[in-house]
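Right, one structure below, let's go through it.
The values are calculated or read from the model by the stated rules, or taken from the named source; none is laboratory data. These numbers were taken from a predicted model, which means no experiment stands behind them. Don't worry about glycine lacking a Cβ; one is built from the backbone with ideal geometry, like all the others, and counts go over all protein chains shown. For the accessible areas, the whole protein counts, side chains as well, though only heavy atoms, and no ligand, DNA or RNA atoms are used. Shrake-Rupley method; radii C 1.70, N 1.55, O 1.52, S 1.80 Å.
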Amino acid sequence: MIGNLYNHGFEIPFNDPELPQWADGHLDKFCDLFWHETWKNGDDAIASLEIDMLADRYAYIKEGMALRAFQIYKLYQNLGFKTFKQYCVKGLKKSVYYVKRVIKAAQISWSLMLEGFTELPDNVSQATRLANSVSQVSEEVDKTTSCWQDVLDKAKDQSKPITANYIETTITGETPHPLATAKLPRDVWDKLKAQAKRQGVKPEKLLEEIVGNYLHPKPESDPETETVDEPESKNNEKGLTSKTPEIKAWEKDLQDLVQERLTKEPNYQTTADNSTFARTKKGKKKQKNKTHPPEQYDRESPHQSTEFHNPTAY
């Protein structure tokens, strides 16, 4: 058994290492799989492992529930944050837009689960694409259930993997537009990347959010309780790829828009200790009644242009 410990590719956690509070379950899982090898206990043990994997596959649902509770009950105030936005950016290192997408995706998949579905959208992108596609074909009646069943049936008949694009094509009958590109000065792109890093998102997603909010401004509402849909930018993708002088002027407007957003954005620089999702323990954990692996097995030009690609989630 000792020899097998070095075949799985995971580092051995010697001496009961200090881990974040939320990581206890990960340590338990490592020990069950690679130290105690509980899967040797028979078919029931293996079936139990598969159930755990399915639960982890749809972990965004529980995450969305928790985030919604923090939002509507203002639980973030107990952690020293004044607003939900501040908690998202400083505590979770995520943009409010992304967090609200997680909440929306969780609400959609939870509803499907209650309708009896055992196979759900795999991730936030698929769930939000499902909702957006359904809204395109029916604004008055909620056809989420029937549309999702149609996606599952056709994917099975065609032996196709379910992706966000496949969901949209199946429901709307339209093939999603290809990616579009535009150019930004290097210094603007670098600022965008730095801001995206602080928020824990890709620069392309932050840019998509900025443009989406500009093209589709929402009426004033309560930012603490509202949820948002994925921005629709495909109507403008064709224009982005054009080489006409008007589009070059548009790219200049885009540059100014990004500059304005980055100038107004608060400089939320903080450590992960502010977040309950990333806080590590300050004291030594109490020793659990489980066996851990033994100790004896040691262990360019500032104004150069750059291109961005509008991401399409899969």
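For the range 72-86, the count of residues that are open to solvent by 60 Å² or more (accessible area, probe 1.4 Å) and of a type in the set (A, V, I, L, M, F, W, C) is nonzero.
Is it fair to say A23 is out of contact with any Lys or Arg (no Cβ under 6 Å at 6 or more places or on another chain), of a type outside the set (V, I, T), surrounded by 12 or more Cβ atoms within 10 Å (Cβ to Cβ) and farther than 25 Å from A106 by Cβ? Spelling it out, it is not the case that A23 is out of contact with any Lys or Arg (no Cβ under 6 Å at 6 or more places or on another chain), of a type outside the set (V, I, T), surrounded by 12 or more Cβ atoms within 10 Å (Cβ to Cβ) and farther than 25 Å from A106 by Cβ. Among the residues of the range 15-29, is any in a loop (DSSP other than H, G, I, E, B) and at pLDDT 90 or above? No; the residues of the range 15-29 include none that is in a loop (DSSP other than H, G, I, E, B) and at pLDDT 90 or above. Against the conditions (1) modelled with pLDDT of 95 or more; (2) among the basic types (K, R); (3) touching a strand residue (DSSP E or B) at 6+ places or on another chain (Cβ under 8 Å), K183 satisfies every one except (1).
For the range 187-209, a residue qualifies if it is surrounded by fewer than 18 Cβ atoms within 10 Å (Cβ to Cβ) and either of a type in the set (G, A, S) or not in a helix (DSSP H, G or I) (or both), and the qualifying residues are A194, G200, K202. Counting only residues that are in contact with a Ser or Thr (Cβ under 8 Å, 6 or more places away or on another chain), hydroxyl-bearing (S, T, Y) and either open to solvent by 90 Å² or more (accessible area, probe 1.4 Å) or over 24 Å from S109 (Cα atoms) (or both), the range 147-186 holds 2 of them. Take the conditions (1) closer than 19 Å to G64 by Cα; (2) within 21 Å of the chain's Cα centre (by Cα); T118 misses just one of them, which is (2). The numbered conditions (1) modelled with pLDDT of 80 or more; (2) closer than 29 Å to F84 by Cβ; (3) open to solvent by less than 60 Å² (accessible area, probe 1.4 Å) are all true for D142 except (3). V137 meets each of the listed conditions (1) modelled with pLDDT under 95; (2) within 20 Å of K197 (Cα to Cα) apart from (2). Those helices (runs of 4 or more DSSP H) of the range 38-128 in which at least 3 residues are modelled with pLDDT of 95 or more and under 23 Å from W148 (Cβ atoms), considering only elements entirely within it, cover 59-72, 96-114. Could you say whether any residue in the range 70-84 is charged (D, E, K, R) and under 18 Å from E209 (Cβ atoms)? Within the range 70-84, none of the residues are charged (D, E, K, R) and under 18 Å from E209 (Cβ atoms). Kindly provide the set of residues from the range 48-97 that are of a type in the set (V, I, T), touching a Ser or Thr at 6+ places or on another chain (Cβ under 9 Å) and under 30 Å from T118 (Cα atoms), ordered by number. Across the range 48-97, the qualifying residues are I61, I72.
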